[in-house]
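Data block below; observations after.
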Amino acid sequence: MSDYKLGPEYALQQDQNDILKSYRNQFHIPKDKKGNDLIYMTGNSLGLQPKQTKSYVNQELDDWAKLGVEGHFGAKNPWLPYHEFLTENMAKIVGAKPIEVIIMNTLTANLHFMMASFYQPTASRYKILIESDAFPSDKYAVESQLRHHGFNHEDGVVLWKPRQGEELLNYEDLEDILDEQGKEIALIMIGGVNYYTGQFFDLKRITDLGHKHGCIVGFDCAHGAGNVQLNLHDSGADFAAWCTYKYLNSGPGSLAGCFVHERHAYRKDLNRFAGWWSHNKETRFNMRGEFDQLPGAEGWQLSNPPILSMAAIKSSLDIFTEVGIVALTEKSRKLTGYFEFLLKSLGEDIIRIITPSNPEERGCQLSIQVKNADKLLHQKLTEAGVISDWREPDVIRCAPVPLYNSFEDVYRLVEKLRAILND
Ligand SMILES: *Cc1c(COP(=O)(O)O)cnc(C)c1O
């Protein structure tokens, strides 16, 4: 895309032509002390609050106040089946069938529940393959699963590493690892979009490779859900999990999503933990019968869920459903492409973008290395009104989010960076 232009007029004109421009106004944009909008580039850490979320949460508070326990059936959105109101819309966002998706628990908890079912190590096949730069929580989770099953986590974790002097991961290297150790690897669990580099992996390619070697394949899609088109069903992955507080704007610590591929929907042989919410809905309240497993991802639920958090998710999903992930990713590509173009204008000897330049291999986030930079640069950016994210040793992560970030945001961010670098 070389028709991007320098200068503020271009940004303003792009904002004017943006069919999604009205959505910015549907979000609370954090402000500086003078009341000006901050340049918020951390929707990949905590998405902004939709203005309508308060009324969605208040609806449930009001129904609880008025109805007490009767709200389970009598609330405007009855609490008993509340999660069902979210399933279809969430399934569209991640490219899954409704039977494959459930909103429950938190992300790391879901990874553990998925591993309880899908990580069934034997003496000869017990290793777990992850990216060398996996999100810490995921790394701790797989290490603790190995220990839980009596294996040594140091020899049980296999790392898919970048080549010397590189940041991004290479599929040929994954093939080599699998050719060498595939028979020993029980599970491959990869971040669908790597949190550090922003690399969006080819989920289908990884799944096919893993399955060819007899491995189970799961993805952590925390940085993918609401950001890229994941097509989880078509990827063939066995399972996936993601949080809803990053690109899905559902509030700090909100509930997470979970995907279990349709081919596992009716399996009764899988090891899993159960609770009353995994039980047949018709007879759940009989309380004295035999356990009767719900089919599909729903069957992995344990507890009745926190409705206030679900209400915030419903609010956000209603916006996503209106916009659609296709229109969203279309704007995202333009916005991030523009960001990349402006960053390059700062001088490719000073700025290095470690995120893939191919739009197919990334979402909205760019991870930027600035020559000789330290944390002071990030501090200066913050003082200049830019909310971005610093990762040791030298990376600034910025995610212009298509729902609420503008071309003007991106323009102003790069101008502030230019001013700091020229200082
Ligand atoms: C954000 C994130 C987490 C956070 O886990 P929680 O259980 O929600 O605290 C885990 N893994 C990845 C890849 C993430 O991006």
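Values quoted throughout were computed directly from the atomic coordinates according to the rules given, and no laboratory measurement underlies them. Keep in mind that what you see is a predicted model, and the values were worked out from it rather than measured. With ideal geometry, Cβ positions are generated from the backbone for all residues, glycine too; neighbour counts draw on all protein chains shown.
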Checklist entry - Out of all the residues in region 324-345, is one or more under 20 Å from residue 421 (Cα atoms) and outside any helix (DSSP H, G or I)? => result yes
Checklist entry - How many residues does region 87-118 hold that are more than 12 Å from the ligand (Cβ to nearest atom), outside any helix (DSSP H, G or I) and of a type in the set (Val, Ile, Thr)? => result 3
Item to check | Residue list for region 355-391, restricted to those being in contact (Cβ under 8 Å) with a residue 12 or more places away in the chain and loosely packed, with under 15 Cβ neighbours inside 10 Å | outcome: 357, 360, 371, 374, 375, 391
Item to check | Given (1) under 18 Å from residue 305 (Cα atoms); (2) assigned to a loop (DSSP other than H, G, I, E, B); (3) not acidic (Asp, Glu), number of the condition residue 48 does not satisfy | outcome: (1)
Checklist entry - Which number in (1) without any contact (Cβ under 8 Å) to a residue 40 or more places away in the chain; (2) within 26 Å of residue 270 (Cβ to Cβ); (3) away from the ligand (no atom under 16 Å from the Cβ) marks the one condition that residue 72 misses? => result (2)
Checklist outcome for this item: How many residues of region 254-295 are touching a residue at least 24 places away in the same chain (Cβ under 8 Å), under 22 Å from residue 307 (Cβ atoms) and exposed (fewer than 13 other Cβ atoms within 10 Å of the Cβ)? The answer is 1
Next on the checklist: Name the single residue that is surrounded by the most Cβ atoms within 10 Å (Cβ to Cβ) among those in region 198-238 being in a strand (DSSP E or B) and within 15 Å of the ligand (Cβ to nearest atom).
Outcome noted: 220
Checklist entry - Which one of 418, 352, 412, 397 is touching a residue at least 12 places away in the same chain (Cβ under 8 Å), under 30 Å from residue 34 (Cβ atoms) and part of a strand (DSSP E or B)? => result 397
